[in-house]
Amino acid sequence: MWNIVMMARASLIWSVALVFFKGTHANPQHNEYDIPPGKTPTFVTPGQTYRIAAGATVILPCRITQPGSYVLAWKRNIAVLTAGPIKVSPDPRLRVLPSPTIESGSSNIGGVPELSGGGYSLELRDVRPQDAGDYICQLGTIEPKEIVHTLEVLVPARIHYVSHSGTLEVTQGQMVKMECRASGNPVPTISWTRKNNVMPSGERSVQGMILVIQHADRHTTGQYQCSADNAVGEPDTKHIVINVLYPPEVEVERATVHTGIGLEAQLVCIVYSEPPAQVLWYKETTQLGVTEQHATQARGNRYTLTIRNVSLIDMGNYSCMASNQHGKSRGHIFLTGTATTAAFDSPLMGNERDKYQLTWAVNSHSSIIEYRLFYRLQPRHHQAHHPHRPEDEFRASRNGTRLVGMKPEWISLSIAGPGVVNTNYPQAAPPPYPGVTKQKMTYTLQNLLPATTYEVRVQAKNDQGWNKLSPVFHFTTRANDMENLIEPSAQPAVYGSTNQGQGLSSNQIRPLFTYGLHCVCVGVYFLLN
């Protein structure tokens, strides 16, 4: 039975093929679409290019003007897929869709635009990459006519090769090379990113199949992502984790820790290391163990030494030493009971021409006994266009400063702190001890030059000694009051009259005249200086 069916099918295909290839009329006298002699059908559907994603369904249309008895066939290369309404190809994904004529009513089959005439569309389901190519709709006339549809199958990007999987371990300074390859249509673009971070180069992403990191360090560690994208479907991604092995790197939270007798002090080292380091604490050259007074703690890469009930003997140099199989490193911390460096809180421009009020503060866990204040004229290294004036030298020498060329020497003053009772400098009662923190101080410098910039530094002493000198602070005194330098006119001009017809009195004019000259002179003074 099967043989008979196959023979019948073969016979039908052969007959259709003969009709198609010879361009003969199947039954001219019964063709309802007969056309005038010498006028052959023409294609209504133009050839087009279809970009279809893999797995989708595509309908390739083919419509002609009144087909008459001519056979319409679909071919791919030399293979015949259909002949008229008959599917020749055994591919089950193919189907022939008739295109209704005007007489039978127009329709829109499978999304094909409505066109006049007849014909057959070719439907292809579950499109595969190998289906890409040219599909020919051919009319079996004496000189065959045809249109060509080009099918381009869009394939989502797929990564088919990565040079490393899982975690890649490298040593510090080593070059890292990673490769990622992908396929798809269109050809995908490959880019590299880093999870929750930028790339080692500082860029957010780097394109290319190969990523090279010349010298790996601890900042190279992280999860890297290779992404392939061609705008068809979702991008494909693969991950590579880089773990860099390196010797410890130590940073101290504070190089100098200020404390007080009887208080608790915490010394902190931040240690970066892979693999994790062993951290030991030292005072000078003596290794410290865990005692009632000393306790150590590690949280992540933060290592803390706590010193309870600090005494005088606890002051000094401490260090944390971190080591692993790749090397070692040490961080140094100085524990002191002295005050912190002073910070000035004074305006840059003074309110007086010959004096200035300084305000500063220090943090100390015991009362300040004494301050040392240093001040001088600001050196004029960058003011060569202002030559040294003899009157400046005279005034400065009267204040106790000796000018050496253009660089004056520092003047030193000793000021009693709140921890000392001194009748010459009335102070409030000494702060409680221990536990004192911020302590403020005010002092007024006298006999200064007007419109002059000064430099000042200060240091403080408590029961543990002197702290470090503060950074240089600059202030400027106010300019001279120009009113006293203007002589009023003996007979002032009359600028107007009062309601009684009299001019302004000399007492009324003098302030106006003095004020005007004062403004002009002040402007000239600042221009010249």
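The values are calculated or read from the model by the stated rules, or taken from the named source; none is laboratory data. Since the model is a prediction, treat every value here as computed from it, not as a measurement. Here Cβ is always computed from backbone atoms with ideal geometry, including for glycine, and neighbour counts include all displayed protein chains. These accessible areas exclude ligands, DNA and RNA; they are computed on the full protein's heavy atoms, side chains included. Shrake-Rupley method; radii C 1.70, N 1.55, O 1.52, S 1.80 Å.
In the stretch 451-466, what residues are open to solvent by 50 Å² or more (accessible area, probe 1.4 Å) and within 45 Å of the chain's Cα centre (by Cα)?
Listed by number, the residues that qualify are Arg457, Trp466.
Given the options Tyr246, Tyr282, name the one that is assigned to a strand (DSSP E or B), at negative phi, touching a residue at least 12 places away in the same chain (Cβ under 8 Å) and more than 34 Å from the chain's Cα centre (by Cα).
Going through Tyr246, Tyr282 in turn, the sole match is Tyr282.
Could you grab me the full set of residues in the stretch 74-84 that are in contact with a strand residue (DSSP E or B) (Cβ under 9 Å, 6 or more places away or on another chain) and at pLDDT 90 or above?
Trp74, Lys75, Arg76, Val80, Leu81, Thr82, Ala83
If you take the residues in the stretch 199-216 that are over 22 Å from Asp229 (Cα atoms) and in contact (Cβ under 8 Å) with a residue 12 or more places away in the chain, which one is most open to solvent (accessible area, probe 1.4 Å)? Break it down stepwise before answering.
From the stretch 199-216, those over 22 Å from Asp229 (Cα atoms) are 200-202, 213-216; that's our starting set.
Filter once more, so that each one left must be in contact (Cβ under 8 Å) with a residue 12 or more places away in the chain: 200, 213-216.
On the way: Pro200: 64, Ile213: 15, Gln214: 110, His215: 136, Ala216: 2 Å².
By that ranking, first place goes to His215.
Tell me which of these Gln357 doesn't satisfy, since it passes every other one: (1) crowded, with 19+ Cβ neighbours inside 10 Å; (2) touching a Gly at 6+ places or on another chain (Cβ under 8 Å).
(1)
Looking at the stretch 123-147, I want the residues that are within 26 Å of Ala157 (Cα to Cα) and in contact (Cβ under 8 Å) with a residue 40 or more places away in the chain and have a partner that is polar (S, T, N, Q) and surrounded by fewer than 18 Cβ atoms within 10 Å (Cβ to Cβ) with Cβ atoms under 6 Å, at least 6 apart or on another chain. Which pairs are those?
Every condition considered, the pairs that remain are Arg125/Thr57; Asp134/Thr150.
List pairs: first in the stretch 73-91 and within 20 Å of Lys145 (Cβ to Cβ) and without any contact (Cβ under 8 Å) to a residue 40 or more places away in the chain, second part of a strand (DSSP E or B) and among the hydrophobic types (A, V, I, L, M, F, W, C), Cβ under 8 Å, 6+ apart or cross-chain?
Matching pairs, first to second residue: Pro85/Val96.
What about Ile261, is it touching a residue at least 12 places away in the same chain (Cβ under 8 Å), over 22 Å from Arg299 (Cβ atoms) and open to solvent by 50 Å² or more (accessible area, probe 1.4 Å)?
Yes, satisfied.
Any chance the stretch 162-170 includes a residue that's loosely packed, with under 14 Cβ neighbours inside 10 Å and part of a strand (DSSP E or B)?
Residues of the stretch 162-170 that are loosely packed, with under 14 Cβ neighbours inside 10 Å, as a first pass: 165-167, 169.
Still in the list and also part of a strand (DSSP E or B): 167, 169.
Yes, there is a match, as at least one residue in the stretch 162-170 is loosely packed, with under 14 Cβ neighbours inside 10 Å and part of a strand (DSSP E or B).
Do we have Gly55 as in a loop (DSSP other than H, G, I, E, B) and either buried (at least 18 other Cβ atoms within 10 Å of the Cβ) or modelled with pLDDT of 55 or more (or both) here?
Judged against the criteria, Gly55 is a match.
If you go through the stretch 179-198 one residue at a time, how many are over 29 Å from Pro276 (Cβ atoms) and either outside any strand (DSSP E or B) or open to solvent by less than 60 Å² (accessible area, probe 1.4 Å) (or both)?
Looking only at that region, the number is 11.
Which of the residues that make up the stretch 96-123 are of a type in the set (A, V, I, L, M), at pLDDT 90 or above and open to solvent by 10 Å² or more (accessible area, probe 1.4 Å)?
Val96, Leu97
Here is a list: Tyr303, Tyr272, Tyr318. Which entry is without any contact (Cβ under 8 Å) to a residue 60 or more places away in the chain, farther than 21 Å from Thr437 by Cα and touching a Leu at 6+ places or on another chain (Cβ under 7 Å)?
Tyr318
Say we look at the stretch 203-220 and pick out the residues that are outside any loop (DSSP other than H, G, I, E, B) and not aliphatic (A, V, I, L, M); which of these is nearest to His160 (Cα to Cα)?
Checked the stretch 203-220; the qualifying residue nearest to His160 (Cα to Cα) is Gln207.
Does Gly417 satisfy being of a type outside the set (A, V, I, L, M, F, W, C), in contact with a Gly (Cβ under 9 Å, 6 or more places away or on another chain) and either at pLDDT below 90 or surrounded by fewer than 17 Cβ atoms within 10 Å (Cβ to Cβ) (or both)?
Values: of a type outside the set (A, V, I, L, M, F, W, C): yes; in contact with a Gly (Cβ under 9 Å, 6 or more places away or on another chain): no; either at pLDDT below 90 or surrounded by fewer than 17 Cβ atoms within 10 Å (Cβ to Cβ) (or both): yes.
Judged against the criteria, Gly417 is not a match.
Looking at (1) β-branched (Val, Ile, Thr); (2) modelled with pLDDT of 95 or more; (3) surrounded by fewer than 16 Cβ atoms within 10 Å (Cβ to Cβ), which is the only condition Val290 fails?
The single condition Val290 does not satisfy is (2).
Of everything in the stretch 321-340, what is open to solvent by 60 Å² or more (accessible area, probe 1.4 Å) and touching a Pro at 6+ places or on another chain (Cβ under 8 Å)? Give them in sequence order. Give the derivation first.
Here is the first cut: in the stretch 321-340, the residues open to solvent by 60 Å² or more (accessible area, probe 1.4 Å) are 325-326, 328, 330, 332, 334.
Those that are open to solvent by 60 Å² or more (accessible area, probe 1.4 Å) and touching a Pro at 6+ places or on another chain (Cβ under 8 Å): Gln325, His326, Lys328.
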